[in-house]
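Here the structure is laid out as structure tokens; the discussion comes afterwards.
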Amino acid sequence: MKTRFLYRTFCTVVLILMVGMPATFHAAPVPEPNIDIKGYYSSDKAQRGRMVRAAVVMEIPGGYHVNANRPLGKYAIPTSVKIDAPRGVLIGPIAFPRALIRKLKAVNNESLAVYEGRAVMRFNVTVPANYGDGWLNLKARLRYQSCNDEVCFSPKNQDIDFGISIVGANERVQRANGWVFGGR
């Protein structure tokens, strides 16, 4: 009889603990990824009156992705890039990388278009022949939403500045950042 009472008491205590634990113990929140964003030019200097290629590069850590500029999902926030340049400097259209199509648990295996690893967004910059300054600084604003396979984080805006020295149309320039623009 005493054994039966102890057994029932033990089972009741265990049941109370099992029901009460989820309310007091929560899984650690998943950390947001640290996405590194930088700007690059295809040469070491830009010539007045000429075009230079530029790029914004996102380094996305393993296990994470960002939605592509055309993400497929109804509620997915697309990656966008806006470039601000000094007056007279022309910015060409931004070429986004080809997206990867993934089916993820977070969205009930719905197909999404995403970027993983390194995402390079390229565009042309034309410096006017009469550009008076010896330095050109571009300001890029990226808007993106990062996710892992189970959760998406709030959309982020991230600003970067990247500059290049301006030289005359006949001065020599050297190719740079071939890993971004190709070895040509």
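Is it true that some residue in region 141-154 is closer than 22 Å to Ser43 by Cβ and open to solvent by less than 20 Å² (accessible area, probe 1.4 Å)? Show your work before the answer.
Pass one, region 141-154, residues closer than 22 Å to Ser43 by Cβ: none.
No, every residue in region 141-154 fails to be closer than 22 Å to Ser43 by Cβ and open to solvent by less than 20 Å² (accessible area, probe 1.4 Å).
For the structure I just gave you, tell me whether Gly132 is among the small types (Gly, Ala, Ser), free of Cβ contacts under 8 Å to residues at least 40 places away in the same chain and in a strand (DSSP E or B).
No, not satisfied.
Are any residues in region 157-177 under 19 Å from Asp36 (Cβ atoms) and free of Cβ contacts under 8 Å to residues at least 40 places away in the same chain, and if so, which ones?
Asn157, Asp159, Gly163
Could you check region 101-130 and list, in sequence order, the residues that are in contact with an Asp or Glu (Cβ under 9 Å, 6 or more places away or on another chain) and modelled with pLDDT of 95 or more?
Answer for region 101-130, where residues must be in contact with an Asp or Glu (Cβ under 9 Å, 6 or more places away or on another chain) and modelled with pLDDT of 95 or more: Gly117, Arg118, Ala119.
Among the candidates Arg87, Arg122, which residue alone is at negative phi, open to solvent by 40 Å² or more (accessible area, probe 1.4 Å) and touching a residue at least 12 places away in the same chain (Cβ under 8 Å)?
Arg122
Conditions first: (1) of a type outside the set (A, V, I, L, M, F, W, C); (2) over 19 Å from the mean Cα position of the chain (by Cα); (3) open to solvent by 40 Å² or more (accessible area, probe 1.4 Å). Pro128 passes all but one, so which condition is the exception?
(3)
The values are calculated or read from the model by the stated rules, or taken from the named source; none is laboratory data. Quantities reported herein were computed from a predicted structural model and do not represent experimental measurements. Neighbour counts are summed over all protein chains in view; Cβ atoms, including those assigned to glycine, are modelled from backbone coordinates with ideal geometry. Areas reflect the complete protein model, heavy atoms only, side chains present, ligands, DNA and RNA absent. Shrake-Rupley method; radii C 1.70, N 1.55, O 1.52, S 1.80 Å.
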